[in-house]
Amino acid sequence: MKKIILLTITIGTILTFFIYKKLYHEDMNIVALGDGIAIGQTAYNVKGYSYNDYLKDYYEENSILKEYITEFTNEKETTETLLLKLQNNYTLESTNTSITQAIAKAKILTIALGMDELHFETELSSDKIAKYVKNMDKILKMLRIYNKKSIYLIGLYPTKKISKETIQKINEQLKAICEKYSIIFIDITNISEQKNYFFTPNSYYFNYKAHQYISEKIIENV
């Protein structure tokens, strides 16, 4: 009889645990940082639907999204401008929220930075690449100091102006930095080779299909 009671209690405890895990969700705060890729910039010089927006939709549908902050992104963002924002603790006038406050409370923090900066260089020298990588190291180090949860860095991809070999070398350095600071690297070079992920053949900006793919890759790693 005692064994039956003990077994019943054990089964009840296990069931309670799994029900709790199934029903309990921590409030989700999503914060986005980055350049035109982060805002879903299109080939028509207008903001589109980004992977961050798809993330927002996913967590809204699951009724656990608490806050979604994209105001720190900028289509002209560079590693230098983002560093300045972090060092000066840039604050949004509309909400009086500082960038470090937003980063600290983010459950998911995404960053896509470098495509615009490197693509528009007249000459992409090794010195400029080294400076970009050094700045990214500083940025990711600061992000990890302020945020102990999930940080996702979207990798770079080749364009007509930046070769696949060059991107591979830069991404390898970014991956090493991510490993150093326990940041998740999202590799998207595979979709960059498929025309159906772009608006036009002459634009390096992704379309909605690519942004959906990126959001799914992030969700897979949450």
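Before moving on, here are some points about what is shown:
- Span from the the stretch 36-84 Cα centroid across to the the stretch 115-159 one, whole angstrom: 17 Å
- Accessible-area composition of the chain, carbon plus sulfur, in percent [1.4 Å probe]: 54 percent
- Of Lys85/Lys105; Lys128/Lys209; Lys66/Lys175, pairs whose Cα-Cα distance is over 22 Å: Lys128/Lys209; Lys66/Lys175
- Rounded, prolate or oblate (a/c below 1.5 giving rounded, otherwise prolate when a/b exceeds b/c) for the stretch 99-205 by Cα gyration tensor: prolate
- Mean accessible surface per residue for the chain, computed with a 1.4 Å probe while every protein chain stays in place, in Å²: 56 Å²
- Average Cα contact separation per residue, the stretch 26-70, under 8 Å, 6 or more apart, as relative contact order %: 52 percent
The values are calculated or read from the model by the stated rules, or taken from the named source; none is laboratory data. Computed from a predicted model, the values in this text were never measured in an experiment. The area values use the complete protein model at the heavy-atom level, side chains included, leaving out ligands, DNA and RNA. Shrake-Rupley method; radii C 1.70, N 1.55, O 1.52, S 1.80 Å.
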